[in-house]
Amino acid sequence: MPITVPPPPMRTNAPIPTWFGVGGGADLLARPESLDQLCACLESDRRAKVLGDGANLLVADAGVRGMVVSLDHECFSAWHQTAQSPTHVTIRAGAGVRLPRLITETVRAGLGGLEGLAGVPASVGGAVMMNAGGAMGQTGDAVSAVGVLTRDGAAHTLLRNTIAFEYRRTTLFADPRRPAPAPELGPPVVLWAEFKLKKTDAGTLRQRLKRVMAAKAATQPMGERSAGCAFKNPVLRADLPGMGVAGSTLSAGMLIDRAGCKGLRVGGAEVSARHANFVTAQPGALAADVIELLRQVRQRVDGAFGVRLEPEVVIWGDAL
Ligand SMILES: Cc1cc2nc3c(=O)[nH]c(=O)nc-3n(C[C@H](O)[C@H](O)[C@H](O)COP(=O)(O)OP(=O)(O)OC[C@H]3O[C@@H](n4cnc5c(N)ncnc54)[C@H](O)[C@@H]3O)c2cc1C
């Protein structure tokens, strides 16, 4: 007898919670409560978009057609130890685990490797997909394996050496001998990640964590609505006199600042005076304001330096 899976809780025309706090809703917002329900979601909409903590997302005012799947149910939000050696402990964390909480708990337990990601709002799934991080390290540095569900509903375990963690993106199924099934339908869904963490004195980790948080608080508008850095740091295609040689990476924030964009506004969207690569949404802002401001910033930087910035923020329902 076929086993029937109860349908996941599903809302129609539902707001999509993001850190920007602007934009429209989803035709359908599903919150599966089991792996079977997640598979059923993908079966009904193979192109469903996956929502993490919404910290790197900008949703257009018209919203998203089709289904958005949120993995914040507790069945995707647990973690446990999977291996231990005299020097390391490996933990497996579900995609829905909030990264800041995982960092706090692992630091408390004297396990080092994630503290450099302090202050990065993310779910584990979103942090893996974006390879979130910065000067103090990136998510991929600590990952030893990732569990994924491909769009055809098959679960796979990908070992670290088969995954390409790049600058603010991750290519799952990077191994050409094992191409991703149905990539045209979208990237696989991250179900969990394993982190190999080093046994370290908890006091030392706490100090590191404090230093990272202090550096972020001093340079970023952390209390305001944004999606973190709006643009990726560009690699120069040609020498830019006084700024860098071909092949070097420049700070997008520095370019935006030097192009005179700090404080630039469109409607309720503003280029932060604190960090030029942060666009913030003030009360009443529309997603259209943010998108238009991003376009203007890109145009000004291109005009001033001939450098084309690529968005780091993921935009649903529109494009730059
Ligand atoms: C104040 C602030 C500071 C920030 N600082 C940093 C920083 O220092 N460094 C940095 O790298 N980023 C930073 N960010 C951006 C953001 O924190 C990261 O990009 C983070 O990885 C986003 O994770 P998320 O769970 O919120 O993903 P979401 O924003 O929900 O989604 C981002 C992308 O990942 C996909 N995704 C999410 N979960 C899954 C999953 N389980 N399976 C498959 N795909 C999935 C989504 O479909 C989407 O394409 C900052 C953002 C804010 C608001």
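Tabulated values for the structure
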quantity: Selection from the range 34-55 of residues that are surrounded by 15 or more Cβ atoms within 10 Å (Cβ to Cβ) and assigned to a loop (DSSP other than H, G, I, E, B); calculated: Asp45, Arg46, Ala48, Gly52, Asp53, Gly54, Ala55
quantity: Residues (of a type outside the set (S, T, N, Q) and within 10 Å of the ligand (Cβ to nearest atom)) located in the range 216-229; calculated: Lys216, Pro221, Met222, Gly223, Glu224, Arg225, Ala227, Gly228, Cys229
quantity: Residues of the range 61-114 classified as outside any strand (DSSP E or B), of a type in the set (Gly, Ala, Ser) and within 13 Å of the ligand (Cβ to nearest atom), total; calculated: 3
quantity: Unmet requirement for Ser44, which otherwise passes all of (1) in contact with a strand residue (DSSP E or B) (Cβ under 9 Å, 6 or more places away or on another chain); (2) modelled with pLDDT of 95 or more; calculated: (2)
quantity: Selected residue (criterion: modelled with the lowest pLDDT) from residues of the range 183-212 that are within 15 Å of the ligand (Cβ to nearest atom) and exposed (fewer than 15 other Cβ atoms within 10 Å of the Cβ); calculated: Pro183
quantity: First in the range 122-142 and of a type in the set (Asp, Glu), second anywhere and near the ligand (Cβ under 7 Å from one of its atoms), Cβ under 8 Å, 6 or more apart; calculated: Asp141/Gly133
quantity: Matching residues in the range 160-175 - criterion: being modelled with pLDDT of 95 or more and over 19 Å from the mean Cα position of the chain (by Cα); calculated: none
quantity: Selection within the range 129-161 - assigned to a strand (DSSP E or B), within 12 Å of the ligand (Cβ to nearest atom) and hydrophobic (A, V, I, L, M, F, W, C); calculated: Val146, Val148, Leu149
quantity: Single match in Ala14, Ala26 (criterion: touching a Gly at 6+ places or on another chain (Cβ under 8 Å), at pLDDT 95 or above and within 14 Å of the ligand (Cβ to nearest atom)); calculated: Ala26
quantity: Selected residue (criterion: surrounded by the fewest Cβ atoms within 10 Å (Cβ to Cβ)) from residues of the range 299-320 that are more than 25 Å from Val68 (Cβ to Cβ) and touching a helix residue (DSSP H, G or I) at 6+ places or on another chain (Cβ under 9 Å); calculated: Arg308
quantity: Where a residue in the range 5-28 is on the phi > 0 side of the Ramachandran plot and its partner, wherever it lies, is of a type in the set (D, E, K, R) and within 15 Å of the ligand (Cβ to nearest atom), with Cβ under 6 Å and at least six apart; calculated: Gly21/Arg225
quantity: Enumeration of residues in the range 162-174 that are of a type in the set (A, V, I, L, M) and in a strand (DSSP E or B); calculated: Ala164
quantity: Matching residues in the range 163-182 - criterion: being of a type outside the set (Lys, Arg) and crowded, with 16+ Cβ neighbours inside 10 Å; calculated: Ile163, Phe165, Thr170, Leu172, Phe173, Ala174, Ala180
quantity: Test result for Ala132, assigned by TED's automatic domain parsing to the domain that holds Arg98 and either aromatic (Phe, Trp, Tyr) or within 24 Å of Val69 (Cα to Cα) (or both); calculated: yes
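Condition check ((1) more than 23 Å from Ser77 (Cβ to Cβ); (2) among the β-branched types (Val, Ile, Thr)) across all residues:
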site: Val143; (1), (2): no, yes
site: Thr150; (1), (2): no, yes
site: Leu158; (1), (2): no, no
site: Tyr167; (1), (2): yes, no
site: Pro181; (1), (2): yes, no
site: Lys196; (1), (2): no, no
site: Thr200; (1), (2): yes, yes
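The values are calculated or read from the model by the stated rules, or taken from the named source; none is laboratory data. These numbers come from a predicted model, not from an experiment. Positions of Cβ are backbone-derived with ideal geometry, glycine not excepted, and every protein chain shown enters the neighbour counts.
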